[in-house]
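Rule-based calculations on the coordinates, nothing more; no lab input. Model, not experiment: these values are computed from the prediction. Reconstructed Cβ throughout: ideal geometry from the backbone, glycine too, with neighbour counts over all protein chains shown.
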């Protein structure tokens, strides 16, 4: 069986998005335009330097993501919206989206199918594990979703991309998660980020 | 004029000590024995690998530290206690201790003198700058002290030693500090820690 990996970018003070997320500004008050470009400048501005970490974001047998990660906070996304990744998303595997809105599976070009799971993180993970077979399941965030998996003891690995600013408020990674014992598996500096991978020991 | 450098070890969720600090357990509920050995395992268990970062902790023209960093939270430290570093502290320079308890300067062996400053972070820094001359001033923590310097815009550089566990509660770095723009100057992985140095841009 593969691992359950959580992967997220956070400010050095632990936030993965700012307050006041809206449809137009899905990352809220993130010190930039709210698009997430600031938090993810390491991907957008220095892709070559971070190729391995970027490719790893789409390298799993199945994916889990929270509702806000999939689509805008408000609006009719649950009927019309097909995610931020366009007609041919990079996942090329099943993606299980946590939501309160039932919806039929949404196949996309290139092998990605979005499945909408309304009964919580454990059923979503069970479906993702079944779909992934021997491969890993990647939990894509946001922080609220990852916190639930960490708190439930369901994550094997945590990949953090720590970026050089603080937000002070917003959605905080580790909020409500009991203390974790981690093992630093790897740590790699790049110009706009430090990548750290932890094994979750307890 | 030298830089004002803040240097601190924090858990990956941003805490530099746990709750319930006492004289016997100065780091409080830190998931270990409260002595700080757990947070600073990178120093104690792997000193050779982290020699440069350890030496840098005592390499400045003057030092500033908070009251809790100097001595136990309770007790008669302000009259009898001479800090955690023994009779010959490694600083070999003036150390300005922030406190509410006036006390005469305390010279130690090897060139360290503890000065007790009762009128706040700015006078402490002014004295430290004057003593340091062209050399750097190192603000040693704890987080509460560093947060005050960051919030006041008085820090030029922030050195973090990010260790692989979470505490969930305690004294949090960046608490109450307005959002900071940082530049990642260096980042270095070691077995039990990731060292990251940031320039404070705003």
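Some notes on this structure:
- Label point 7 Å beyond Cα along the C-beta direction, distances from residue B:107 to other copies (nm, shortest first): 8.5
- Treating r as the C-beta distance of residue A:52 and residue A:104 and R0 as 30 Å, the FRET efficiency rounds to 0.25.
- Label-point distances for residue A:44 to the equivalent site in the other copies, using a point 7 angstrom along Cα→C-beta, read 4.4 nm when ranked shortest first.
- For residue A:185, the label point sits 7 Å beyond Cα toward Cβ; its separations from the matching points on the remaining copies run 3.2 nm, from shortest to longest.
- Peptide B:177-190 - average C-beta neighbours from other chains (10 Å radius): 6
- The mean of 1/r over all distinct Cα pairs in chain A, once inverted, gives the Kirkwood hydrodynamic radius of 17.0 Å.
- Taking 0.36 nm per residue of separation and subtracting the current Cα-Cα distance, fully stretching the chain between residue B:84 and residue B:33 would add 16.7 nm.
- Average partner coverage of A:165-172, which counts Cβ from other chains inside 10 Å: 4
- Between residue B:44 and residue B:119, full extension at 0.36 nm per residue minus the direct alpha carbon distance yields a gain of 23.6 nm.
- Working note: Debye formula, equal point scatterers on the alpha-carbon atoms of segment A:160-202, no solvent; log10 I(q)/I(0) at q = 0.22, 0.28 Å⁻¹ is -0.92, -1.05.
- Global size of segment A:91-202 as Cα Rg and Dmax, reported in angstrom: 15.6, 42
- Counted over the protein assembly as shown with a bin width of 20 Å, the fraction of Cα pairs per bin, in whole percents, is 26, 51, 20, 3.
- Relative contact order %, chain B, counting alpha carbon pairs below 8 Å whose residues are six or more apart: 30
- The mean number of partner chain beta-carbon atoms within 10 angstrom of a residue's beta-carbon across peptide A:8-19 is 3.
- Per-residue ellipticity at 222 nm computed for the protein assembly as shown from its helices equals -4500 deg cm²/dmol, with DSSP H segments shorter than 4 residues left out and the rest contributing -39,500 (n - 2.57).
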